[in-house]
Amino acid sequence: MNQADMLGLIAGGGSFPLQVAQSARRQGYRIAAAAFERDTLPEIEAYTDRLTWLKLGQLGRLIRFLHQAGASRVVFAGPINKPRAFDLRPDFRAVKLLVNLRSRNDNALLSAVADELHQEGFQVVSAIDFVPELVSPAGLLTRRAPSPAEKQDILFAWPIIKQVGSMDIGQCIVVKERAVVAVEAIEGTDRTILRAGELSGSNLTVVKIFKPGQDHRIDLPALGSQTVKTMIQAGATCLAYEAETSLFFDRQQAVDLADRHKICLLGVAPDRPGEVQNL
């Protein structure tokens, strides 16, 4: 890599774009960030060499900005508010993309944008390349292992959420006593967990996976201390996530909080969910 290479950063919400920008700068990149009104933190400006603020749907303007900045690689980092995605006002380039999509769910839409960038000569790379330390680990993270009932719930939920994920609907399911309580759709993981708590009270098991066929470069599943806080509020006692395919933010803080509330956090190997029985 030339030390003057420009990295295009498509910056969504939260602190993740800031972390990616910081790490990329340490690797010698300059940063050209496309930020989104009402999603991206304004602090992004301090981490970038060039910055533009966009509205959802301004695909043509995004591509022009990346070309003008001289970016060769592009990385997606941070979520876009999903309900507001219905309010987008697509420009001509975005309209052409949207009319050819059979689905406008997360993976289909973001993959189409990534493919459009690839056709423009940009190399779309995974955010994990810049923050490998955030990759979610396999194994038991907390002092408490899953109970026999929680193990049954994990094994019950796993093939269901994999099937749901294969249809690009959601990444998270909440179950109790081998019954589905809530499935994630457009509302996101935290609201799914809270809804499950409202519907079914305590002793809930949360399972979060990487959607089959999901593009590894974009929209990675994410967990963190906020997930644990939401579980506490909802009465969830166990979180099983698909290891090595998601991002785990402020991990130690999340584990410490889970231990204080006797919550189990477990990373399940992608190809060996049955090993949960051996814990």
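All of the numbers you see were taken from the coordinates with simple rules; none came from a lab. Quick caveat, the model's predicted, so the values are computed rather than measured. Note that each Cβ is placed from the backbone with ideal geometry, even for glycine, and that neighbours are counted across all protein chains shown.
Numbers at a glance
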{"read-out": "Kirkwood Rh (inverse of mean 1/r, distinct Cα pairs), the chain, angstrom", "value": "19.5 Å"}
{"read-out": "Extension gain (nm, one decimal) between SER202 and GLN277, 0.36 nm per residue minus Cα-Cα", "value": "24.8 nm"}
{"read-out": "Principal axes of the stretch 129-279: Cα extent on each, largest first, Å", "value": "37, 32, 30"}
{"read-out": "Inter-site label distance for ARG89 and GLU45 at 7 Å from Cα along Cβ, in nm", "value": "2.3 nm"}
{"read-out": "Free-standing Cys, the chain [no other Cys Cβ under 4.7 Å]", "value": "CYS172"}
{"read-out": "The chain, dipole about Cα centre (Lys/Arg Cβ +1, Asp/Glu Cβ -1), debye to the nearest 20", "value": "280 debye"}
{"read-out": "Cleavage-rule hits, trypsin sites (Lys or Arg not before Pro), the stretch 235-264, DSSP coil, Cβ neighbours within 10 Å at most 16", "value": "LYS262"}
{"read-out": "Exposure proxy ranking, count of Cβ atoms within 10 Å, fewest first, for GLU133, GLU187", "value": "GLU133, GLU187"}
{"read-out": "Förster-model FRET efficiency, 45 Å R0, GLN253 and GLN119, C-beta, rounded to 0.05", "value": "0.65"}
{"read-out": "Dipole magnitude of the stretch 135-278 about its Cα centre (Cβ charges: Lys, Arg +1; Asp, Glu -1), debye to nearest 20", "value": "320 debye"}
{"read-out": "Lys pairs, the stretch 135-278 - Cα-Cα below 14 angstrom, 8 or more residues apart or on other chains", "value": "4"}
{"read-out": "Distance from the stretch 150-198 to the stretch 220-274 (C-alpha centre basis), Å", "value": "14 Å"}
{"read-out": "Long-range amide H partners of GLY170 with built H, under 5 Å", "value": "GLY165"}
